[in-house]
Each structure stands twice: as structure tokens, then as C-alpha cells.
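A short write-up of the structure that comes next.
The values are calculated or read from the model by the stated rules, or taken from the named source; none is laboratory data. Owing to the predicted nature of the structure, the values given are computational and were not obtained by experimental measurement. When we count neighbours, we look across all protein chains shown, and the Cβ atoms used for this are built from the backbone with ideal geometry, even at glycine. When the accessible area is computed, the model is the full protein with side chains, heavy atoms only, and any ligands, DNA or RNA have been set aside. Shrake-Rupley method; radii C 1.70, N 1.55, O 1.52, S 1.80 Å.
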Amino acid sequence: MANTMASGSRTTTLPQSKEALLKSYNARLKEDVRSMLENFEETLKLARRESHSQISRTTQCEQDALEMQIRASNMVRAGESLMKLVADLKQYLILNDFHSVNEAITNNSQLFRATQIECDRKLMKLRDEMAMDLYDLEEEYYTSIFK
């Protein structure tokens, strides 16, 4: 079963496994961004909070510092996960973007064919010039009195 996904002006048909992979990438993106946002908001709340609890101020500060470290660690983990996701997307694009690969091969092929035609044309011109020069030299040699 294949699904169709529009990308710009071209429409491509994706196999089920590729679509599932892209959906998992999308889910990872949303989850990591959500995690970063929630942890950042909670860190800001901790920084602004005036604590009126029954525990001592020192204990509350230590608890808040620990929670901030944990939330900062969670944000770093989510950031690293996003960087891994970007690397996975780049790898996916490089390995599965056959349209671009085929286009690059076609362009290189056309470039090499044009270069080959130009080289052939120059070689033919050089051959003709050498043949004319050789003919002139042979004529000069055979008509020379110094043979």
C-alpha cells in the first residue's frame, strides 16, 4: 500500500515503510520540542518562585537547584535528540532522494558528452591540419633537389 505526499510542485509516492519512518521523525520532533519547552518553562517558574513552604530556605534552594539541573539535563538531552534527528534526516535525504541523484547523473552525463564532442571536434581539426602540413612537407621533400 502506498501513500501520496505532495512536495512543492512534484508529487511522490512513498512506500509504507518510508511513510512510517517520516511519521516517526515527525513524532520525535514534536516530542523533543515539547520536552525542551516544558523543561524551560518549569525552570523559569523555579527561578521566579518565592517559596512559603514548611521546609527551610536552604533545603528549598538545594531542592530547586537539583530540579533545575535535572530540567537542564532534560533540555540538553532533547537538544541532542534533535541534532540526531537532523543527522538522520540528512542521511535519509542523501540515501533516498533518487530524483536528485538521477538529475545530477543526467547533468554530469550531458556535460561529459558535450566535452567529448568538443574534444572530438578539436582532434578532427588537429588531424586535418596535420594532414595538410604533412602533405605540404612531403611535396616539399619530393620536389627538393637536396634529397
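Checked against (1) part of a helix (DSSP H, G or I); (2) modelled with pLDDT under 85; (3) open to solvent by 100 Å² or more (accessible area, probe 1.4 Å); (4) among the β-branched types (Val, Ile, Thr), Ile117 passes all but a single condition, namely (2).
Looking across Leu89, Leu14, one residue alone is surrounded by 13 or more Cβ atoms within 10 Å (Cβ to Cβ) and modelled with pLDDT under 80. It is Leu14.
Could you tell me whether any residue of the stretch 57-73 is of a type in the set (S, T, N, Q), open to solvent by less than 60 Å² (accessible area, probe 1.4 Å), closer than 30 Å to Ser24 by Cβ and touching a helix residue (DSSP H, G or I) at 6+ places or on another chain (Cβ under 7 Å)? No; the residues of the stretch 57-73 include none that is of a type in the set (S, T, N, Q), open to solvent by less than 60 Å² (accessible area, probe 1.4 Å), closer than 30 Å to Ser24 by Cβ and touching a helix residue (DSSP H, G or I) at 6+ places or on another chain (Cβ under 7 Å).
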